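Novice: I have a structure here, written as structure tokens, and I will follow up with some questions on it.
The values are calculated or read from the model by the stated rules, or taken from the named source; none is laboratory data. This is a predicted model, so every value here is computed, not measured. So basically every Cβ, Gly included, is an ideal-geometry build from the backbone, and we count neighbours across all protein chains shown.
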Amino acid sequence: MDNPAPSRRRAGRKALVLIPGAVNYFYNLCGRRLAETLRELSFDVDLCTLADRPAGRYDWCVLSNISEVLYSYGDNDAGFERLRELKKSCKVMTSTSIDSVVTPWYQTIRGYCRTAEIDTILDFSLHDQRELLAEDARATYHYLPAGLTTSELRGLDDEAGLDDGRTIPWAFVGHHTPDRTALVDYLVRHVDPRGFVYIPRLAPYQETDSPHLNERQFDAVLRRTRYQIWSSHHYAFYMESERFRMSLLAGGVPVKVLCKPLPPKQAAPFSYLMVEEAELAERLDSFDFRAVRRRFRDDFRRVKALRLGLAEFLAAVSLLDRREVRAIIGERWAKARAA
Amino acid sequence: MYRRGVTIAVPNWNHELLLPRAIASGLAALDALRAEGGDGEVLVIDDQSRDGSVTLLRQLEALYFSDGLRVLALAQNGGLSAARNAALAQARFRHVVFLDADNELVPENTPCLWRALEDTGAAAAYGTLIMRTVAAPGGFAVVSNESFQDGMYESSYVDAFAMFDRGQLADLGGYSTAFTTHEDHEQWLHLATNGRHVLFVPVVFGYYYLLATSMSSDVEKAIQANQRIRRIFNQTTARKHLTTATRHLRYHPALGYL
């Protein structure tokens with residue numbers, strides 16, 4: 001359990017961040033980032049699995065995400081019972097999601113939230129997916145821009161040695177599907193045959209001894225790679241925010257391959273990094289790697305920072321004073337003017 | 001003892017019409033190796049073909065001998081394992097790729113596997129193979145796309161189309177001629193259970209062409225071979241309790257072990 005001694009506390013605000021633990025590092029990482037940001041917002045934070053959660057009362061309990069948390073708990077019925085008990089000692093309980101809302105996984109999150117009587121799903125995404133939801137599903141949906149934490153923003157300023165050993169032209173990592181095989185074949189034949197290719201069978205994720213790359217291994221690959229290229233394993237438009245962010249922090253450039261053109265009115269950042277397969281070779285050939293990476297890094301800095309996005313949500317559910325949100329916005333403007 | 005570099009061994013039996021593709025990819029792989037300080041040869045072992053392969057091979061050998069193409073025409077038909085063992089005996093270089101005559105290499109990635117074996121001293125390295133058919137315009141499936149894991153004792157997902165340290169292979173007796181199919185599965189388990197390291201290198205190593213008349217499409221033979229392999233290597237299913245030096249080894253020269 002992660003509970004460092006608080007350096008400053010205001011009005012005893014407490015948050016509990018529940019993570020899956022061993023199942024899926026994406027959601028463990030999401031939980032850690034939330035915990036870091038909550039501490040900056042003067043919350044006292046406990047970060048742990050459902051099985052290890054301490055007794056106590058909390059202003060906010062956030063599950064990263066409810067499906068993964070219950071899966072790692074091992075017994076859904078007992079897990080729901082534990083959540084019901086926990087809800088009695090929390091003012092607000094929320095689940096996160098890092099999934100396309102048209103996938104079965106999001107529907108599962110919705111179903112579990114209904115069972116646990118959780119009113120809000122925080123969607124960590126780079127684009128608002130509300131319009132893709134049926135009317136009855138929109139009430140529980142809250143778009144939270146997948147911006148950077150304060151430490152991540154600071155890390156972007158350090159570019160020393162960014163291209164040391166960056167010899168791999170592109171990397172394709174994701175479980176195997178026939179469409180992805182065809183795409184890898186295209187990359188080998190038309191872009192550069194020396195790409196890093198890792199397309200294992202679909203299997204449950206484990207930190208070690210599974211076909212998958214864990215967070216540390218994937219980061220090691222991305223730090224030596226220019227372009228991270230991938231395609232979704234479903235056909236809806238979706239920006240996998242974790243892939244964009246991991247490429248950013250590893251000093252590379254993400255390129256999402258679309259199976260159809262971008263929806264005409266789709267408001268999404270980094271449209272220049274989303275390409276249909278037929279144009280992929282030409283687009284990559286046209287890129288000056290350092291220039292497109294500079295543009296990507298500058299554009300990501302402009303995505304609403306996690307601290308502000310989270311503060312706005314917490315103010316909306318009355319866990320934060322709106323004056324604190326205005327103070328954060330004021331800081332941002334001051335920093336932008338100074339720059 | 002062995003020269004530093006790679007012998008690309010191409011066992012051939014009646015694949016006259018597909019040989020040029022395999023040989024061209026092999027010769028291109030030699031260019032890629034030489035550009036990185038290595039060397040090599042393409043050694044075609046003809047197993048008494050009847051379709052005109054030998055005539056074609058001698059012509060190609062005359063044209064490309066100075067580029068490293070050699071042809072070994074066997075006096076008797078001995079099957080795939082015997083042909084591979086002949087390649088092991090005749091190869092001039094330390095590392096050997098077994099490239100079936102109906103497949104092709106991605107030449108630019110041959111140096112990547114070679115470096116992986118030189119760096120680590122492992123017995124073998126393989127990379128992802130994209131499966132195609134003659135008719136299909138692009139790849140539709142993959143094989144050899146994961147590291148060696150315990151599931152290999154149940155069924156094989158790694159093809160023989162890989163790179164080997166010929167000394168380590170020869171030390172263990174080469175390919176078993178008792179198997180007329182699934183000899184590659186038997187060889188992988190033979191390496192693993194004898195303490196040798198087998199690496200998965202995450203690059204596309206080559207293209208594997210699925211032909212209707214390929215040896216692997218004989219279902220009855222496959223069942224019998226699987227049963228025999230299980231009897232030799234995994235009859236009590238106790239294998240999972242034993243440590244295996246080669247479990248889950250993934251290596252890329254730019255990254256080290258993953």
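Novice: Test each condition in (1) touching a Phe, Trp or Tyr at 6+ places or on another chain (Cβ under 8 Å); (2) crowded, with 19+ Cβ neighbours inside 10 Å; (3) basic (Lys, Arg) for A:ARG295 and report the one that comes out false.
Specialist: Exception for A:ARG295: condition (2).
Novice: Restricting to the range B:205-247, name every residue that is within 30 Å of A:ARG189 (Cβ to Cβ) and surrounded by 11 or more Cβ atoms within 10 Å (Cβ to Cβ).
Specialist: Answer for the range B:205-247, where residues must be within 30 Å of A:ARG189 (Cβ to Cβ) and surrounded by 11 or more Cβ atoms within 10 Å (Cβ to Cβ): B:PHE205, B:GLY206, B:TYR207, B:TYR208, B:TYR209, B:LEU210, B:LEU211, B:SER214, B:MET215, B:SER216, B:SER217.
Novice: How many residues does the range A:142-176 hold that are surrounded by fewer than 16 Cβ atoms within 10 Å (Cβ to Cβ), of a type in the set (Gly, Ala, Ser) and more than 9 Å from every other protein chain (Cβ to nearest Cβ)?
Specialist: Summing the residues that are surrounded by fewer than 16 Cβ atoms within 10 Å (Cβ to Cβ), of a type in the set (Gly, Ala, Ser) and more than 9 Å from every other protein chain (Cβ to nearest Cβ) in the range A:142-176 gives 4.
Novice: Could you figure out which of (1) touching a strand residue (DSSP E or B) at 6+ places or on another chain (Cβ under 8 Å); (2) surrounded by 18 or more Cβ atoms within 10 Å (Cβ to Cβ) isn't true of A:PRO20?
Specialist: Every listed condition holds for A:PRO20 apart from (1).
Condition check ((1) within 22 Å of A:ARG216 (Cβ to Cβ); (2) modelled with pLDDT under 95; (3) not in a loop (DSSP other than H, G, I, E, B)) across all residues:
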site: A:ALA78; (1), (2), (3): no, no, yes
site: A:LEU83; (1), (2), (3): no, no, yes
site: A:THR94; (1), (2), (3): no, no, yes
site: A:CYS113; (1), (2), (3): no, no, yes
site: A:ASP123; (1), (2), (3): no, no, yes
site: A:ALA137; (1), (2), (3): no, yes, yes
site: A:GLY155; (1), (2), (3): yes, yes, yes
site: A:ALA160; (1), (2), (3): yes, yes, no
site: A:TYR186; (1), (2), (3): no, no, yes
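Novice: I need every pair where a residue in the range A:119-138 that is more than 18 Å from A:GLU240 (Cβ to Cβ) has its Cβ under 6 Å from the Cβ of a residue that is surrounded by 21 or more Cβ atoms within 10 Å (Cβ to Cβ) and among the hydrophobic types (A, V, I, L, M, F, W, C), sequence separation at least 6 or different chains.
Specialist: Listed pairs, sorted by first residue: A:LEU133/A:VAL101.
Novice: Only one residue in A:ASP185, A:ASP192, A:ASP179 is of a type in the set (D, E, K, R), within 14 Å of chain B (Cβ to nearest Cβ) and either buried (at least 20 other Cβ atoms within 10 Å of the Cβ) or without any contact (Cβ under 8 Å) to a residue 12 or more places away in the chain (or both), so which one is that?
Specialist: Going through A:ASP185, A:ASP192, A:ASP179 in turn, just one is of a type in the set (D, E, K, R), within 14 Å of chain B (Cβ to nearest Cβ) and either buried (at least 20 other Cβ atoms within 10 Å of the Cβ) or without any contact (Cβ under 8 Å) to a residue 12 or more places away in the chain (or both): A:ASP185.
Novice: Of all residues in the range B:17-76 being β-branched (Val, Ile, Thr) and under 25 Å from B:THR180 (Cβ atoms), which is surrounded by the fewest Cβ atoms within 10 Å (Cβ to Cβ)?
Specialist: For the range B:17-76, the residue satisfying everything is B:VAL54.
Novice: Based on this model, can you work out whether B:GLY174 counts as on the phi > 0 side of the Ramachandran plot and either among the polar types (S, T, N, Q) or in contact with a helix residue (DSSP H, G or I) (Cβ under 7 Å, 6 or more places away or on another chain) (or both)?
Specialist: yes
Novice: Just give me the residues in the range B:93-122 being under 20 Å from B:LEU18 (Cβ atoms) and of a type in the set (Ser, Thr, Tyr), in sequence order.
Specialist: B:THR110 - this is the single residue of the range B:93-122 that is under 20 Å from B:LEU18 (Cβ atoms) and of a type in the set (Ser, Thr, Tyr).
Novice: Pick from the range B:205-258 the residues that are in a helix (DSSP H, G or I) and among the β-branched types (Val, Ile, Thr): which of them is farthest from the other protein chains (Cβ to nearest Cβ)?
Specialist: Checking each candidate, the answer is B:ILE232.
Novice: Could I ask something else about it? Which count do you get for residues in the range B:143-176 that are of a type in the set (S, T, N, Q) and either closer than 16 Å to B:ALA83 by Cα or more than 9 Å from chain A (Cβ to nearest Cβ) (or both)?
Specialist: The qualifying residues number 5.
Novice: Same structure again: Do we have A:GLY330 as small (Gly, Ala, Ser) and either crowded, with 16+ Cβ neighbours inside 10 Å or in contact with a Gly (Cβ under 7 Å, 6 or more places away or on another chain) (or both) here?
Specialist: no
Novice: I would also like to ask the following. Go through the range A:302-312 and give me each residue that's crowded, with 19+ Cβ neighbours inside 10 Å and either more than 25 Å from the chain's Cα centre (by Cα) or part of a helix (DSSP H, G or I) (or both).
Specialist: A:LEU306, A:ARG307, A:GLY309, A:LEU310, A:ALA311
Novice: Just give me the residues in the range B:121-142 being more than 9 Å from chain A (Cβ to nearest Cβ), in contact (Cβ under 8 Å) with a residue 12 or more places away in the chain and out of contact with any Phe, Trp or Tyr (no Cβ under 6 Å at 6 or more places or on another chain), in sequence order.
Specialist: B:GLY121, B:ALA122, B:ALA123, B:ALA125, B:TYR126, B:THR133, B:VAL134 - these are the residues of the range B:121-142 that are more than 9 Å from chain A (Cβ to nearest Cβ), in contact (Cβ under 8 Å) with a residue 12 or more places away in the chain and out of contact with any Phe, Trp or Tyr (no Cβ under 6 Å at 6 or more places or on another chain).
Novice: Of the residues that sit in the range B:141-168 and are charged (D, E, K, R) and out of contact with any helix residue (DSSP H, G or I) (no Cβ under 7 Å at 6 or more places or on another chain), which one is surrounded by the most Cβ atoms within 10 Å (Cβ to Cβ)?
Specialist: B:GLU146
Novice: To continue, here is another question. Take B:VAL106 and decide whether it is touching a Ser or Thr at 6+ places or on another chain (Cβ under 9 Å) and either within 14 Å of chain A (Cβ to nearest Cβ) or more than 26 Å from A:ASP192 (Cβ to Cβ) (or both).
Specialist: It is true that B:VAL106 is touching a Ser or Thr at 6+ places or on another chain (Cβ under 9 Å) and either within 14 Å of chain A (Cβ to nearest Cβ) or more than 26 Å from A:ASP192 (Cβ to Cβ) (or both).
Novice: Sort out which residues of the range A:281-301 are outside any helix (DSSP H, G or I) and free of Cβ contacts under 8 Å to residues at least 12 places away in the same chain, and write them in order of number.
Specialist: A:ASP288
Novice: Then there is this: Would you mind stating whether B:VAL97 is within 14 Å of chain A (Cβ to nearest Cβ), farther than 14 Å from B:TYR175 by Cβ and surrounded by 24 or more Cβ atoms within 10 Å (Cβ to Cβ)?
Specialist: In short, no.
Novice: Looking for something within 14 Å of chain B (Cβ to nearest Cβ) and either more than 21 Å from the chain's Cα centre (by Cα) or within 30 Å of B:PRO137 (Cβ to Cβ) (or both) - is there at least one such residue anywhere in the range A:132-140?
Specialist: Among the residues of the range A:132-140, not one is within 14 Å of chain B (Cβ to nearest Cβ) and either more than 21 Å from the chain's Cα centre (by Cα) or within 30 Å of B:PRO137 (Cβ to Cβ) (or both), which makes the answer no.
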